[in-house]
1. At 7 Å along Cα-to-Cβ for each site, give me the label-to-label distance between Ala610 and Ala656 in nm.
2. As a test question: what accessible area, to the nearest 10 Å², does Glu282 have when a 1.4 Å probe is rolled over all protein chains in place?
3. How would Trp293, Trp445, Trp484 line up by accessible area, probe 1.4 Å, largest first?
4. Can you give the Kirkwood hydrodynamic radius of the range 51-188 from its Cα pairs, in Å with one decimal?
5. Average projected area of the Cα convex hull of the chain, in nm²?
6. Please work out whether the range 509-628 counts as rounded, prolate or oblate from its C-alpha gyration tensor, where a ≥ b ≥ c are the square roots of the eigenvalues and a/c under 1.5 means rounded, while otherwise a/b larger than b/c means prolate and anything else oblate?
7. Give me the percent of the accessible area of the range 215-262 that comes from carbon and sulfur atoms, probe 1.4 Å, all protein chains in place.
8. Can you tell me which of 523-532, 56-65 comes out highest on packing, and rank the rest after it, using the mean Cβ neighbours within 10 Å?
Amino acid sequence: MTVTVVLSEVQRATLARLCDTFVPAIARDEDPTGFWGRAASDLGVPQVVEDHLASGAIPEEGVEGLRQLLDALAAQGLMEADQAGREALLHGFMDSGPDALAGVAALRGLTMLLFYAIPDPATGQNPNWPAIGYPGPASAAPSPQDAPKTIAITRPPADELVLETDVVVVGSGSGGGVIAGTLATQGRDVVVLEAGGYYNEADFHQLELPAYQTLYRNGGFDGTADGSVALMTGSNLGGGSTINWTNCLRTYPWVREEWERDHGLEGLAGAEFDRILDVVSERVNVTDRCSDWNPNTQTLGAGCEAAGIDFRRVTRNADEATYSPETAGFMGFGDQSGAKLGTLKTWLQDAADAGARFVVDCRVERVLVEHGRAAGVEGTYTDEEGRTARVVVRAPTVVVAAGALDTPALLLRSGIGGPAAGDYLRLHPATAVSAIYDGRPQKGWWGPPQSGLSMEYANIEDGYGYLIETSHSSPGVAGSALPWAGGADHKELMSRSAETASFVLLLRDRGHGRVSIDKAGRAVHEYAMTDELDDRLFRRGLVELCRLHELAGADRIVTFHRAVDPWLRGSGEAFADFATRVHDAPLTPYEHATFSLHHMGSARMGKDPATSVANPWGELHDTPGVWIGDGSAFPTASGTNPMLTIMALARRTAEAIAAA
């Protein structure tokens with residue numbers, strides 16, 4: 001539905017002018033696909049931005065702040081200035097203060113995401129893709145007949161659904177799925193509640209923007225309260241395991257020792273947890289036989305070899321019988337081949353086969369507590385037409401596995417969990433450094449997004465360090481993350497996408513943030529990378545990514561800082577001088593693009609009720625019968641892609657529930 005009331009006519013015109021400043025029409029003698037002559041408004045981007053502002057995804061105070069920004073830009077002459085004048089005006093606004101920077105950066109990022117990701121409904125293609133060398137979908141989704149949904153869904157018949165069960169599991173990702181499957185196959189009556197919908201191979205069209213809208217929390221538009229970190233996580237049956245990049249790293253020995261020694265997680269450091277890791281690894285078929293290296297990964301390997309540092313093949317949860325490198329590069333949009341063995345195809349299917357019941361599109365608002373212990377949950381079901389129904393599940397055992405961004409919010413809305421509920425949020429702050437390799441196609445869309453990595457710097461100091469990995473090929477995210485010096489400069493960078501390799505830094509963070517709730521009970525995520533060790537290691541990692549690109553022969557190196565000029569081979573600037581510029585550049589909100597795909601610790605296990613939510617097996621200190629079953633249970637950051645660790649801790653917790 002087209003929205004016409006969010007902005008005034010002047011604000012609407014200013015928004016269109018602003019979007020076309022970010023992505024202008026530029027006259028070029030040679031422009032066979034129309035890329036250079038295409039402005040943001042030619043794809044309807046300003047209208048989609050306004051629709052997003054009206055969708056409720058952004059709080060009203062945020063929308064009002066953007067209205068004020070548009071008014072200020074109009075008052076400063078944005079409508080009358082030429083392209084160069086408008087660019088100078090925007091840079092002046094961004095330099096003027098954090099609020100103006102946040103507003104301009106948010107609109108710029110959304111404009112770029114839409115311009116490079118919106119598909120034509122008739123063709124499934126974005127008209128910019130040929131010019132940037134992105135092929136778009138490699139294959140059509142299978143039909144529902146060829147890829148049937150094999151898990152039965154319970155839907156409210158009217159305005160209320162009341163169920164009784166032994167165990168209710170809130171969330172169906174890497175933690176909740178494992179607990180549901182483990183307990184259901186042991187004879188427990190299980191109900192699984194999932195906030196997202198049920199999608200499978202027949203729904204996966206290898207398209208970025210539709211995938212964000214259906215498979216990700218908040219449609220993929222999410223971040224910390226101050227905008228310092230962009231947050232991405234799954235919201236669907238299967239959770240993050242449906243859309244992650246299938247990197248199956250085992251928990252570091254030193255992290256396991258820390259969790260047992262300092263937080264009381266008995267058995268973590270020895271053979272018992274090895275056994276559990278083996279169990280979950282076998283069920284999801286962890287293998288290195290589906291880890292083809294695309295040119296981007298080979299380029300990282302070349303840099304590591306030149307530097308004399310570790311580089312290894314990644315193990316992944318994949319079905320060798322259906323794996324195809326031709327389609328694996330789109331797995332962040334859902335794996336069309338069915339080779340990704342997330343919880344949807346393993347633990348949740350086990351639970352369904354054992355008789356578990358599933359309710360999707362259900363947001364759980366409160367844990368029910370009677371006489372001081374768990375009694376069930378209640379929430380709201382909303383279908384595609386907007387019809388709602390109250391859902392109540394009565395159960396003596398409640399497993400909260402909504403993910404570390406939402407599990408503590410549910411506890412806080414319920415008044416349980418103690419003083420540590422929401423505290424100790426870890427995010428594995430991540431970023432990328434991109435580089436252009438003249439005449440060397442990188443084919444980031446072919447093969448698994450992460451099939452090789454370096455663990456050279458995993459333990460630099462006191463168990464903390466960083467991983468070096470590769471990234472998913474996503475033109476919308478790339479467009480929003482690359483720095484914007486001006487419209488022509490940004491289009492030039494995007495036009496070289498086919499020859500661009502990206503290396504990823506993933507930090508094990510020692511510092512932490514917090515999850516709270518606003519007046520409406522919605523989760524608010526606060527995180528600032530102020531820990532001295534985190535800041536030092538992150539800066540060191542950024543320089544190392546640049547060094548690996550230089551050693552691999554990059555011709556132009558581009559960081560995601562707002563105001564750090566790229567390094568050009570042959571420009572006369574010594575690489576050491578560029579490295580110093582990168583190291584010293586600000587990492588404050590919107591000055592640098594920082595991402596998080598791993599969220600942990602916000603309802604952590606431990607011995608002390610003052611500093612942990614649950615005991616070392618996952619049951620709440622203050623509310624018997626309520627258990628934590630996801631990454632929020634991590635005592636500290638794992639330092640590795642956390643899926644396998646989440647599954648293993650969830651299996652351990654499920655065994656404790658079964659024995660209780």
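1. That separation, rounded to one decimal, is 2.1 nm.
2. Around 150 Å² of this residue is reachable by solvent.
3. Trp293, Trp445, Trp484
4. In the range 51-188 this quantity evaluates to 21.0 Å.
5. It is 27.8 nm².
6. Note, shape of the range 509-628 comes out prolate.
7. Heavy-atom surface of the range 215-262 belonging to carbon and sulfur, 1.4 Å probe: 50 percent.
8. Answer by packing, highest mean first, reads 523-532, 56-65.
The values are calculated or read from the model by the stated rules, or taken from the named source; none is laboratory data. All of these numbers come straight from a predicted model, not from anything done at the bench. Here Cβ is always computed from backbone atoms with ideal geometry, including for glycine, and neighbour counts include all displayed protein chains. Only protein heavy atoms, including side chains, enter the accessible area calculation; ligands, DNA and RNA are left aside. Shrake-Rupley method; radii C 1.70, N 1.55, O 1.52, S 1.80 Å.
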